[in-house]
1. Report Rg(Cα)/(2.2 N^0.38 Å) for the range 156-202, keeping two decimals.
2. Might you tell me the accessible area per residue for the range 216-258, computed with a 1.4 Å probe and given in Å²?
3. Can you tell me the alpha carbon radius of gyration of the range 190-265 divided by the globular rule-of-thumb value 2.2 N^0.38 Å?
4. Can you tell me, using C-alpha contacts under 8 Å and at least 6 residues apart, the relative contact order of the range 114-218 as a whole percent?
5. If the chain between ASP279 and GLN199 were fully stretched, how many nm would it gain, using 0.36 nm times the residue separation less the Cα-Cα distance?
6. Can you work out the Karplus-derived ³J(HN,Hα) for every residue in the range 135-151? Use 6.51 cos²θ - 1.76 cosθ + 1.60 with θ = phi - 60°, whole Hz, and x for glycine or proline.
7. Explain nothing, just compute: Karplus ³J(HN,Hα) = 6.51 cos²θ - 1.76 cosθ + 1.60, θ = phi - 60°, for every residue of the range 177-190 in order, whole Hz, x for Gly and Pro.
8. Probe radius 1.4 Å, ligands and nucleic acids ignored: give me the carbon and sulfur share of the accessible area of the range 146-225 as a rounded percent.
Amino acid sequence: MSGGQRRLQALGRGVVALVCVIAIVALAWLLLVVYPQDLTTLLGIVLVGLLVPVALRAGSSVSSTLLPGYNVAEVAVEGPITRSADGGVVSRPTGADADAIVEQIEQADDGAAEALLVKLNTPGGEIVPSEDIRLAAERFDGPTVAYATDVCASGGYDIASGCDELWARRGSIVGSIGVIGSRVNVSDLADELGVSYEQFTAGEYKDAGLPLKDLSEDEREYLQGIVDDYYDDFVDTVAEGRGMDPERVRETEARIYLGGEAHDIGLVDEIGTREDVEDRLEAQLGKPVSVREFEPSRGLRDRIGGGAASVAYAFGAGIASVFDDTDGFDFRL
C-alpha cells in the first residue's frame, strides 16, 4: 500500500468518524430531549444507551474475528526491556513489557496474521525477558521481519536475531552485542556514615556483589565468569540466527554501528523505510498488506497499579532502587 493510498484511507476514516459523531449527537438530542414524555421513559432510554457500547464492542470483536481487516501483525519493542513495564515497588514503570509483548505475538499467531513485523527501538535490557520475546518471534508461523527505527542494541538485537530479516535506517544505531554486569559500591559511603555490614549467609558466594562491601578477587572472578557465560550464549544466538561465524560476531566487540555500516558487515539485511518493509512483506505474501498494530491490554487494576508506581517514583522512591536487587548485581544485554 503506497503512502498516497494510506493518506486517502486515513482521510476516509476521518470523514466516517465525523459523520458518526454528528449522527450520535443528533440521535442523543432526539432520544434524551425531544422524545421522553416521563421519567420512566427517560431511564429506559439511558439504560439502553449504556448497553449499546457493550453490544457494539462485542459485535466488533466477533466481526474482527470472522472478517479480519489485516494480514500483518505489528508489535513494538520500545524502551528498556523488562519482565513487566509496571516495574517493582520502587522502580519506575517504563520500558518494554516482555510478558505483554509475548502475549501480543501469540495473539497474532492465533489470529489472521500471515506475517509478523517487529518494530524495535530499544537499547536492550534484562536478559531472559529479551530471550522470551525472541523465542516468541521464532515460534510465529509465517515470515517475521524486524525493523529498527532509532536504536536496536543489545537485547534488541537479540530479538532481531530471532526474525527472518532485519531492516534498519541508515541513521539507526545497531549492535552492542555484549553483556554488562554492574553493581553499586557504597562501602566507603557506609564507612563515612558509620554503617557496618554484618554477614549472615550460607554459601561462600551468597553475598557476592552486595553494595555494602568490597569485592574479593574470588568474587570478582566468579561474577565475571557469569558475564562471560551470558556473552558466549549471546554470541551463539546471534551467529545462529543471523547465519554468521561466531568469531565474526565477537570481532564486533560490542560496538554500536550506524545502520549503513551495520549492513556492510552483515548485522543488517536491508536498509530502507517503513514503506520499503511493507513492500517486502507484500512480495513475500504475494498480496497487498494491511497492518494491525497489537497493543497491550491493560485492565483497570493494572492502570491503577501503574499509576501508583509512578506516584511512588515521583516522590523519590528511585533512591531506594539502589538496594532493590537482592543480590546487588545486575546482568543486562
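The values are calculated or read from the model by the stated rules, or taken from the named source; none is laboratory data. All values derive from a computational prediction rather than experimental measurement. Here Cβ is always computed from backbone atoms with ideal geometry, including for glycine, and neighbour counts include all displayed protein chains. Side chains are part of the model used for accessible areas, which takes the heavy atoms of the whole protein and leaves out ligands, DNA and RNA. Shrake-Rupley method; radii C 1.70, N 1.55, O 1.52, S 1.80 Å.
1. On the way: Rg = 21.2 Å, N = 47, 2.2 N^0.38 = 9.5 Å.
Normalised by 2.2 N^0.38 Å, the Cα Rg of the range 156-202 equals 2.23.
2. Result: 64 Å² per residue.
3. With N residues counted in the range 190-265, Rg over 2.2 N^0.38 Å equals 1.70.
4. Values: 162 pairs, mean separation 24.4, N = 105.
Relative contact order for the range 114-218 comes out at 23 percent.
5. Numbers: separation 80, 0.36 × 80 = 28.80 nm, distance 6.11 nm.
Extra length available between ASP279 and GLN199 comes to 22.7 nm.
6. 5, 5, 5, 5, 6, 4, 8, x, x, 10, 10, 9, 10, 8, 8, 8, 9
7. Rounded to whole hertz, the list is 7, x, 10, 10, x, 9, 8, 9, 9, 10, 5, 5, 5, 4.
8. Answer for the range 146-225 is 48 percent, counting heavy atoms of protein chains only.
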